[in-house]
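Have a look at the structure below before the remarks.
The values are calculated or read from the model by the stated rules, or taken from the named source; none is laboratory data. Bear in mind the structure is a predicted one, so any value in this text is a computation, not a measurement. Note that we place each Cβ from the backbone using ideal geometry, even for glycine, and neighbour counts take in every protein chain shown.
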């Protein structure tokens, strides 16, 4: 097993365009990328046309194809991967909706959204829009939701990825869930305006 500093060094070299480093990196990060993708796919509707392996491959190609990557360590790399996977799934959901044309929107509170597998692309898009608003107010809380909800990571894994304490992850996770509940509630009364997270 390769130690963290070796992976980090390869990530930095790959970010600087070193093709050999990119090739060495694939087997070292693939299992964790697949785990992240599996977490995302568990939340998708049944019969989804995008498979876990395809999501991993598409995200990896985008990661190593970035002209100026913003990751300098393992945590940033996986955080960026989680964001890319979410974006890929959101784009897929938007295409699905365009093809569908005219489906009715189902409104669910966050506690139901967190407990079910979305059957409707609209639900995923509403959650994505709420997360975009949250990321403007508190980027760390938004990342925690991405990693915990979509990526299926534990508090400890999220803590490690974001380089914060498990207590901070638990606190931010709780606050983010309350904020998202308020945003996703059909009777939130804010007409698309956001409420503060603190």
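Residue 25 passes every criterion in (1) at pLDDT 80 or above; (2) within 21 Å of residue 153 (Cα to Cα) apart from (2).
Rundown of residues vs (1) more than 14 Å from the chain's Cα centre (by Cα); (2) in contact (Cβ under 8 Å) with a residue 12 or more places away in the chain; (3) farther than 23 Å from residue 94 by Cα, yes/no style:
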{"site": "129", "(1), (2), (3)": "no, no, no"}
{"site": "139", "(1), (2), (3)": "no, no, yes"}
{"site": "145", "(1), (2), (3)": "no, yes, no"}
{"site": "149", "(1), (2), (3)": "no, yes, no"}
{"site": "155", "(1), (2), (3)": "yes, yes, yes"}
{"site": "159", "(1), (2), (3)": "yes, no, yes"}
{"site": "170", "(1), (2), (3)": "yes, yes, yes"}
{"site": "185", "(1), (2), (3)": "yes, yes, no"}
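For region 81-105: of the residues being farther than 14 Å from residue 128 by Cα and touching a helix residue (DSSP H, G or I) at 6+ places or on another chain (Cβ under 6 Å), which is modelled with the highest pLDDT? Among them, the one singled out is 81. For region 1-18, the candidate set comprises residues that are surrounded by fewer than 17 Cβ atoms within 10 Å (Cβ to Cβ), in a helix (DSSP H, G or I) and in contact with a helix residue (DSSP H, G or I) (Cβ under 9 Å, 6 or more places away or on another chain); within that set, the residue that is modelled with the lowest pLDDT is 4.
Note on region 9-25: residues that are farther than 9 Å from residue 64 by Cβ and under 21 Å from the mean Cα position of the chain (by Cα) amount to 1.
Cβ-Cβ contacts under 8 Å between residues 6 or more apart (or on different chains), taken from a first residue in region 49-78 that is within 21 Å of residue 160 (Cα to Cα) to a second residue that is assigned to a loop (DSSP other than H, G, I, E, B) and modelled with pLDDT of 80 or more, are listed as 75/163.
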